[in-house]
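One structure is given here, and the rest of the page talks about it.
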Amino acid sequence: SYHEIDTESNASSDNLQTINGGSEGQILVLTTSNSTRDVVLLHDDGNIFISDGDNHTLSTNKNIIVLFKIGNNWYEIITKSHQ
């Protein structure tokens, strides 16, 4: 349930719109694998829903987001940034 994600082709920033797989009730913990590249989770552009309605950027490997799967969608339950 823990995954480090990265940008496509090592781009400086990339968007994540859809998360494939998983099962109902699964918890998923995401962080970026490289602190020099930003992964932006897009709210309501695919199957990801962020609690405040805004996109969420994982800008360092000290940022995490925890998602919960209901149906085909993933919903944010926690975000944490460690300094």
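All of the numbers you see were taken from the coordinates with simple rules; none came from a lab. The shown structure was predicted, so the numbers you read here are calculated from the model rather than taken from an experiment. Note that each Cβ is placed from the backbone with ideal geometry, even for glycine, and that neighbours are counted across all protein chains shown.
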Check your understanding: Once phi is turned into ³J(HN,Hα) by the Karplus curve 6.51 cos²θ - 1.76 cosθ + 1.60 with θ = phi - 60°, what whole-Hz value does each residue of region 32-44 show in order, with x for glycine and proline?
Key -> 8, 7, 9, 6, 9, 10, 9, 10, 9, 7, 8, 6, 6
Point to revise | Unit charges on C-beta of K, R, D, E only; dipole of the chain, Debye | key: 280
Point to revise | Contour excess over end-to-end distance, with Cα ends at Ile78 and Asp54 and 0.36 nm allotted per residue | key: 7.2 nm
Review point. What does a probe at Asp45 reach in region 1-23, counting residues whose amide N is under 11 Å from the point 7 Å along Cα→Cβ?
Key: 14-18
Revision key, fill the gap. Here the convex hull volume per residue of the chain, taken over Cα atoms and given in Å³, is 84
Practice item. With θ set to phi - 60°, apply the Karplus curve 6.51 cos²θ - 1.76 cosθ + 1.60 along region 3-20 and write out the HN-Hα couplings as whole Hz, x wherever there is a Gly or Pro. Key: 9, 9, 10, 9, 7, 6, 6, 6, 4, 5, 8, 8, 9, 10, 9, 9, 10, 8
Practice item. Take every DSSP beta bridge with both residues inside the chain and express the antiparallel ones as a percent of the total, to the nearest 5. Key: 60
